[in-house]
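The values are calculated or read from the model by the stated rules, or taken from the named source; none is laboratory data. Because the structure is predicted, anything quoted here is derived from the model rather than measured. Cβ placement follows ideal geometry from the backbone for every residue including glycine, while neighbour counts extend to all protein chains displayed. Calculation scope for accessible area: heavy atoms of the full protein, side chains included, ligands and nucleic acids excluded. Shrake-Rupley method; radii C 1.70, N 1.55, O 1.52, S 1.80 Å.
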Amino acid sequence: MVARKKPQSLLCCGISGAGKSECAKQLIRYLAKTSPMGEGMVTEDPEFIVNQIVQASIILEAWGNAKTTLNNNSSRFGKFVKLMYKEGKILGSWMETYLLEKSRVIAQGPQERNYHIFYFIFKGLSGGALEAMSLGKPSDFWYLKQGGCTEVDGIDDKKEFGDLMESLKLFRFSDDDLSSIWNLTAGILHVGQCSMKEDDSGNAQCDPAAKINLDLAAELWGISSDSLNERLTTASMEVMKKTIIKKSCPGEI
């Protein structure tokens with residue numbers, strides 16, 4: 001790279017559970033240790049760059065990794081890490097994520113889990129915090145119990161939550177930031193409890209029995225219950241630079 005003065009790329013590929021994420025960490029560790037630190041770095045310790053990337057990965061993996069039938073800690077997103085150099089000296093790093101498996105939030109296969117963070121909060125947050133968000137146990141929520149395994153051998157959800165909190169604090173998330181994060185995460189679970197039924201016109205409407213969950217999600221997200229209900233039961237499309245909103249059927253939601 002230094003001789004040719006051109007960027008170089010390393011691609012880690014393999015089946016689920018092959019060790020792509022760990023391989024990438026080892027490659028980054030090697031490159032950081034064999035490269036001198038550039039001017040302006042807060043430390044000359046090569047482990048500094050590695051540790052920063054690892055700490056960022058803990059946050060990304062909490063919301064982007066899940067148990068599958070092949071791997072208890074499978075990354076459900078792609079990750080591109082860029083190490084920045086100047087004159088052969090490492091200056092820092094930059095990370096981009098893409099292709100998150102969004103469908104996993106609402107549906108999981110047998111013996112699979114939703115994303116780790118949904119289970120971490122039940123073991124890591126205080127009883128008072130959980131009560132304030134009307135959270136009991138994972139098996140109470142449709143988005144968490146479909147796979148039939150709310151706990152995984154080899155994964156200590158409470159310990160993992162502690163590691164996550166350390167990483168969030170390292171990246172200077174304030175208490176208000178964290179409160180908003182937990183509210184957003186908990187709101188998703190309550191939305192999953194909102195089953196839909198057909199009204200007299202054949203359009204979707206929230207089941208009155210699930211109205212309490214709709215209200216809870218709206219409160220956690222800081223929006224009105226009516227606005228959330230409208231967003232859940234309608235679809236919008238743009239035609240000729242005009243936005244058209246139509247009612248959805250229960251099967252479309």
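Things worth noting here:
- Sorted largest first, extent of the range 21-165 alpha carbons per principal axis (Å): 56, 33, 24
- Degrees, to the nearest 10: 175-191 long Cα axis against longest axis of the chain: 50
- Surrounding net charge for K79, when Lys and Arg each add one and Asp and Glu each subtract one, Cβ distance under 10 Å: -1
- Largest-first ordering by accessible area, 1.4 Å probe, given options I49, I106, I59: I106, I59, I49
- A probe of 1.4 angstrom, applied to the heavy atoms of all protein chains, finds R104 with accessible area near 10 square angstrom.
- Nearest 10 degrees, 0 to 90: helix 47-64 Cα axis against the chain principal axis: 20
- Rg/Rh ratio calculated on Cα atoms of the chain (Kirkwood radius): 1.05
- Charge dipole of the chain about the Cα centre (unit charges at C-beta), most positive-ward option of L91, G251, Q205: L91
- As a fraction of the 1.4 Å probe accessible area of the chain, surface on carbon and sulfur atoms comes out at 53 percent.
- Per-residue Karplus couplings for the range 82-92, computed as 6.51 cos²θ - 1.76 cosθ + 1.60 with θ equal to phi - 60°, are listed in order as 10, 9, 9, 10, 9, 6, x, 10, 7, 10, x Hz, Gly and Pro entered as x.
- Note that the range 68-151 carries a Kirkwood radius of 15.4 Å, evaluated over its alpha carbons pair by pair.
- With a Förster radius of 45 Å applied to the beta-carbon distance between W94 and S201, the computed FRET efficiency rounds to 0.35.
- Net charge of Cβ neighbours under 13 Å - reference G148; Lys, Arg +1; Asp, Glu -1: +1
- E151, E230, reordered so the largest accessible area comes first (probe 1.4 Å): E151, E230
- Rounded to the nearest 10 degrees, the angle from helix 20-33 to the longest Cα principal axis of the chain is 30 degrees.
- Based on protein heavy atoms only, the range 143-246 ends up with 61 Å² per residue of surface accessible to a 1.4 Å probe.
- Sorted largest first by accessible area at a 1.4 angstrom probe radius, with every protein chain in place, the residues K169, K20 fall in the order K169, K20.
- Residue-count net charge about G187 - beta-carbon cut-off 12 Å; Lys, Arg +1, Asp, Glu -1: -2
- Bins of 5 Å, starting at 0 and running to the largest distance - Cα pair percent for the range 208-251: 5, 21, 22, 19, 17, 10, 4, 2
- Note on F77 and D226: their simple-model spin labels are 3.5 nm apart, each label 7 Å out from Cα toward Cβ.
- Filter on K33/K86; K169/K211; K102/K246 - keep pairs with C-alpha separation over 27 Å: K169/K211
- For the range 148-253, the spread of Cα coordinates along the three principal axes comes to 50, 37, 24 Å, biggest extent given first.
- Computed E for K6/K33 - FRET, C-beta separation, R0 30 angstrom, nearest 0.05: 0.85
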